[in-house]
1. What list do you get for Glu94, Glu168 if you sort them by fewest beta carbons within 10 Å?
2. Hey, can you grab everything whose amide H is under 5 Å from the amide H of Asn158? Only 5+ residues off in sequence or another chain; H modelled, so Pro and N-termini drop out.
3. Can you tell me the 0 to 90 degree angle between the C-alpha axis of helix 16-28 and the longest principal axis of the chain, rounded to 10?
4. Could you sort 70-81, 183-194, 32-43 so that the peptide with the highest average Cβ count within 10 Å comes first and the rest follow in order?
5. When a/c is below 1.5 the answer is rounded, else prolate if a/b is larger than b/c, else oblate, so apply that to segment 52-108 with a ≥ b ≥ c taken from the square roots of the Cα gyration tensor eigenvalues.
6. Taking the Cα centre as origin and putting +1 on Lys and Arg beta-carbons and -1 on Asp and Glu beta-carbons, what dipole magnitude results for the chain, to the nearest 20 debye?
7. Using only Cα atoms, locate the centre of segment 102-126 and the centre of segment 19-48, then give the distance between them in Å, rounded to an integer.
8. Could you tell me which residue out of Ala133, Gly107, Ser96 lies farthest along the dipole of segment 3-163 toward its positive end? Charges go on the beta carbon: Lys and Arg +1, Asp and Glu -1, centred on the Cα centre.
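Here, each number is a calculation from the coordinates, and none is a lab measurement. Predicted model only: the values in this text are computed from it and were never measured. All Cβ positions, glycine included, derive from the backbone under ideal geometry; neighbour counts span all protein chains shown.
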Amino acid sequence: MARLGIMGGTFDPIHYGHLMAAEEARVRFALERVIFVPNGRPPHKKDYAVTDAEHRYAMVLLATSSNLRFEASRMELERPGPSYTVDTLAQIREQSGPEADLHFITGADAVPEILGWKDPQRLLGLCQLIAAARPGYRLDRALSSLDPEMRSRIHALNIPGVAVSSTEMRARAAAGLPLTYLAPPEVVAYIAKHGLYASPEEVRPVA
């Protein structure tokens, strides 16, 4: 029975925190591989202009290429309409077969938002959910609004504290500050090459 991890997100940009959470989940939950799925069209309004999906996919591809257990998927980029997690999981379930054991990896701080996602009951019926949190985070508080059956399918995963976020990386790039050691060198070089995050007007299309 295949045990697969799925990590979805905007990845704007991907950084070492994402990669560490994926690798920790892979090892702790004995996952055969982890599939990174960048959002094609995030359904929820962001407080910033999301970078073009092709740029975000390219950075995920660069960041994951050195790990044979990681792979980047264009699934949500190629599917029309808004990118909903439940649709992605259903598609992976169809491709992997009914025997596959799917584990969706997300940040523990996103767990309270699950009830606001599309079809949350079906979503948790398709997968186990791994909630990655820094040591000290109280997942039980985040789960208090969920019914017992849903809570039973959510598992806490403590990861080493990596003080980096995509928001911080965008802000540093806009301020002209270095991104070195916050993301793989290939991602940092890609951001510099394409002028990402400096300002919306300066973002150049993928070559």
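1. On the way: Glu94 10, Glu168 14.
In increasing order of surrounding Cβ atoms, one gets Glu94, Glu168.
2. Hits under the 5 Å cutoff: Ala133.
3. 30 degrees
4. With the highest mean Cβ count within 10 Å placed first, the list reads 32-43, 183-194, 70-81.
5. Judged from the Cα gyration tensor, segment 52-108 comes out oblate (a/c at least 1.5, b/c at or above a/b).
6. Charge dipole of the chain: 220 debye, to the nearest 20.
7. Rounded to whole Å, the Cα centres lie 12 Å apart.
8. Result: Ala133.
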